[in-house]
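Below is one structure, written out as structure tokens; the observations come after it.
The values are calculated or read from the model by the stated rules, or taken from the named source; none is laboratory data. None of the values given here were measured: they were computed from a predicted structure. Heads up, the Cβs are rebuilt from the backbone with ideal geometry, glycines too, and the neighbour counts pull from every protein chain shown. Just the protein is used for accessible areas: all its heavy atoms, side chains included, with ligands, DNA and RNA removed. Shrake-Rupley method; radii C 1.70, N 1.55, O 1.52, S 1.80 Å.
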Amino acid sequence: MVQDKTAVPVPRTAVTGDPVDGLPGRATAATSRRALIARVAGAIAGGLLLFLAFPPLGLWFLAPFGFALAVLSVQGTRPRRAAWLGLLTGLALLLPGLHWVSPIGMDAWLGLVAMESVFYAAWGACATLVVRLPLWPLWSAALWVAMEWARGAFPFGGFPWLRVAFSQGESVFTPYAALGGAPLVSFAVALCGGLIALLVLRLTPAPRWERAVALPLIGILAVPAAAFAVPRPGDEGKTVTMGIIQGNVPGRGMDPLGDVPAVVLQNHTRMLHEMAQSVREGKTPRPDVVVLPENSTDIDPLRSDFAYQEIDAAVKDIGVPVLVGAVVGVGENNRATRSLIWDPVTGPGAYYDKQKLVPFGEYTPLKDLVLALFKRAGLVGKQSVPGTRDGDLKLGPVTIGAINCYEVAFDGVVGGTARTGASPLVVQTNNATYALTNLPAQQLAMSQIRAVEHNRAVVTAAITGVSAYVTPEGSIAWRTKELVPASTVLTIPVRTAETIATRVGALPEWVLILVGLGALAAVWRRRTRSLVHSGKREDDQQVGDA
């Protein structure tokens, strides 16, 4: 038979041998449409499964399946189409997952979702390239970590909410946090999902139980099982008795502190007095220290004699150092969100100022432009300035690690504080604007990961809830309901031994990012070689024809 030299070879994927989308193949137009519908459905379903893995539903075991659907949807398609499919995955995850932003405004919620979904589009475009390589579940998972890093860094300092690791507050993947932090947890979940996708591909269209199927199945079981081999420090026999107060606020939504000054301040000082009375009556153990939430005073106590006297009287009544959350003036035009130690004898002393500020909430990026375009941006008021030091504060008999609200999502802030030796970690938070949304539960899951990551108990004092105590093993030992006054006195373990994750910091994340970028470089190198070889063959053919 004479070979038709004009026939165009059909590029096929390395995994399935199916024609690449948009190029000639045997598939009919109807088949192509059905395949595209299946891809779109898979991308959306993948994002929804990832959303369901997060609190408050917390179906953590769905996360690997969500990733599997996401990677299957882009497998074997061109980068442009894969980018759109990745965008759909991002939208399906972020629209419900970030619905807590909607009390600020529908435009804020949808704008944030649109911006963050672009990162998932970039992941899709890259993932469809690396799935053509051997061992592609590794490379696609590493690229997911790179995508989450990028989200946590850009723009305006990043927004690391809804990282896959934060869906695993207490799961079989959680122990990986002690080895490589949140990035390694995300990688393990994504790797398991990639192996599920590989297994599906090898079982399609006709299941055949052979070595090619057994290997990914073993990997699916081995990845979570290996987490239990991660070394973790044990108990050190030290404790601190800590009081926690959740005072509640009178308002809701964009005006949570209400119209009447000092209500929030008096809610918390009143509860300090009540705790002191309960201690005197023998109903409550005497605390060594007490923690109040972020914004526990709605008046700057360093500039208001009234606020100063209210807090000082309550602290003297309880008779132990109290960590107060306050927004204080810095100069005439700025402010700082401050964790302030208030001693019953010496008054206000050492403090920690929040380092990671909420863009458009605590400060305004591109201030002149944004204020000119959006009147609501003026609600920020005075611009917050970031702190410049870690949150280790000597509070009574212990050195606590102070972390403010938004900061718990950032690896660098929490890790830097843990490396000072501070223990326990104390997260002061004000989620009043987002009460009864999915934000408080999502933030609490972050505290669970941080506890395991750094071998520290984490105490959360929230102004409206959820306040909680998380053990160093990541279990929630005590928590409050939302929008109610609540208080307790607990015995908290004090651990100072560092995990591997604490010691190595961001190293595992950077290794995984480089692995993902290396896989992309390998694809580019293979493509370049293929083009060179194709050019040589065409030159040889032209010489032969001549």
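Less than 11 Å Cβ to Cβ from Ala418, Lys/Arg counted +1 and Asp/Glu -1: what total charge do the surrounding residues give?
Working: positive: Arg419, Arg450, Arg456, Arg495, Arg503; negative: Asp390, Asp392, Asp411, Glu453, Glu498.
So the surrounding residues net to 0.
Over region 72-162, give the accessible area per residue in Å² for a 1.4 Å probe, as an integer. Walk me through the intermediate numbers first.
Numbers: 3050 Å² over 91 residues.
For region 72-162, the solvent-accessible area averages 34 Å² per residue.
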Quick check for me: using +1 on Lys/Arg Cβ and -1 on Asp/Glu Cβ, what's the dipole size of the chain about its Cα centre, in debye to the nearest 20? 1800
Could you sort 400-412, 209-221, 63-75 so that the peptide with the highest average Cβ count within 10 Å comes first and the rest follow in order? 63-75, 400-412, 209-221
Could you calculate the FRET efficiency of Phe306 with Glu236 from 1/(1 + (r/R0)^6), where r is the beta carbon distance between them and R0 is 35 Å, rounded to 0.05? 0.25
Put +1 on the Cβ of every Lys and Arg and -1 on every Asp and Glu Cβ in the chain; which of Tyr120, Trp84, Ala38 then has its Cα farthest towards the positive end of the dipole? Ala38
Using the heavy atoms of the protein chains alone and a 1.4 angstrom probe, what is the accessible area of region 222-304 per residue in square angstrom? 45
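So what's the net charge close to Thr241: Lys and Arg +1, Asp and Glu -1, counting the other residues with Cβ under 15 Å from its Cβ?
Working: positive: Lys238, Lys283, Arg286; negative: Asp288.
Within the 15 Å Cβ shell, the charges total +2.
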Rounded to a whole number, what % of the accessible area of region 404-529 do carbon and sulfur atoms account for, probe 1.4 Å? 59
Output the 0 to 90 degree angle, nearest 10, between the alpha-carbon long axis of helix 106-130 and the longest principal axis computed from the alpha carbons of the chain. 40
In nm, spacing of pseudo-spin labels at Ser32 and Trp84 (7 Å Cα→C-beta vector): 1.2
Given 121-131, 310-320, 482-492, the highest-first ranking by average Cβ count within 10 Å works out to 121-131, 310-320, 482-492
Explain nothing, just the number: relative contact order of the chain, from Cα pairs under 8 Å at least 6 residues apart, as a whole percent. 15
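Using a 1.4 Å probe, what is the accessible area per residue for region 323-410, in Å²? Walk me through the intermediate numbers first.
Working: 3950 Å² over 88 residues.
Counting only protein heavy atoms, the per-residue value for region 323-410 is 45 Å².
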Taking amide H atoms as placed 1.01 Å from N in the peptide plane, list the residues 5 or more away in sequence, or in a different chain, whose amide H sits under 5 Å from that of Arg335. Val330, Gln383, Ser384, Val385
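Pop out the carbon and sulfur fraction of the accessible area of region 136-292 as a percent, whole number, probe 1.4 Å. Provide the component values of the computation, followed by the final result.
Numbers: 3970 of 6270 Å².
Here carbon and sulfur together make up 63 percent of the probe-accessible area.
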When the helices in the chain are scored as -39500 (n - 2.57) per DSSP H run of 4 or longer and the sum is shared across all residues, what 222 nm value do you end up with, to the nearest 500 deg cm²/dmol? -15000 deg cm²/dmol
Which cross-chain or sequence-distant (5 or more) residues have an amide H under 5 Å from the amide H of Ala350, H modelled 1.01 Å from N in plane? Ile341
Compute, for region 296-368, the length of the dipole vector about the Cα centre, with Cβ point charges of +1 (Lys, Arg) and -1 (Asp, Glu) only. Units Debye, rounded to 20. 280
Alpha-carbon Rg with Dmax, taken over the chain, Å: 27.0, 106
Restrict the search to region 419-510; then list the trypsin sites (Lys or Arg not before Pro) that DSSP places in a loop and that have at most 16 other Cβ atoms within 10 Å of their Cβ. Arg419, Lys481
Sequence order, region 210-218: Karplus ³J(HN,Hα) from phi using 6.51 cos²θ - 1.76 cosθ + 1.60, θ = phi - 60°, Hz rounded, Gly and Pro as x, gives 9, 4, 4, 8, 5, 5, x, 5, 4
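Could you look at region 326-384 and say what percent of its accessible area is carbon and sulfur, using a 1.4 Å probe and all protein chains? Please list the in-between numbers first.
Working: 1820 of 3110 Å².
The nonpolar share, carbon plus sulfur, comes to 59 percent.
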With labels modelled as points extended 7 Å from the Cα through the Cβ direction, what inter-label distance (nm, one decimal) is found for Phe228 paired with Asp255? 5.5
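Extension gain Val213-Thr528, at 0.36 nm per residue separation less the Cα-Cα distance, in nm? List each step's numbers first, then the result.
Values: separation 315, 0.36 × 315 = 113.40 nm, distance 3.17 nm.
In short, 110.2 nm is gained.
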Run the simple label-point estimate for Val504 and Val40 please: 7 Å along Cα→C-beta, distance reported in nm. 4.3
Evaluate the charge dipole of region 450-502 about its Cα centre and quote only its size in Debye, nearest 20, assuming +1 on the Cβ of each Lys and Arg and -1 on the Cβ of each Asp and Glu. 100
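Any of Lys394/Lys481; Lys356/Lys382; Lys354/Lys394; Lys316/Lys481; Lys238/Lys354 with alpha carbons more than 24 Å apart? Name them for me. Numbers along the way, then the final one.
On the way: Lys394/Lys481 29 Å; Lys356/Lys382 16 Å; Lys354/Lys394 17 Å; Lys316/Lys481 28 Å; Lys238/Lys354 28 Å.
Lys394/Lys481; Lys316/Lys481; Lys238/Lys354, as the Cα separations exceed 24 Å there.
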Projected onto the charge dipole of the chain (+1 at Lys/Arg Cβ, -1 at Asp/Glu Cβ, origin at the Cα centre), which of Tyr352, Trp209, Gly237 gives the Cα projection farthest towards the positive end? Trp209
Among 192-198, 330-336, how do they line up from the highest to the lowest mean number of other beta-carbon atoms within 10 Å? 192-198, 330-336
List the aspartates and glutamates whose alpha-carbon lies under 15 Å from that of Lys283, not counting same-chain residues fewer than 8 positions away? Glu274
State whether region 53-122 is rounded, prolate or oblate according to the following rule on the C-alpha gyration tensor (a ≥ b ≥ c being the square roots of its eigenvalues): a/c under 1.5 gives rounded; otherwise a/b larger than b/c gives prolate, and the remaining case gives oblate. oblate
Projected onto the charge dipole of the chain (unit charges on the beta-carbon of Lys, Arg, Asp and Glu, signs +1, +1, -1, -1), the Cα from Ile341, Ala178, Leu393 with the largest positive-side position is that of Ala178
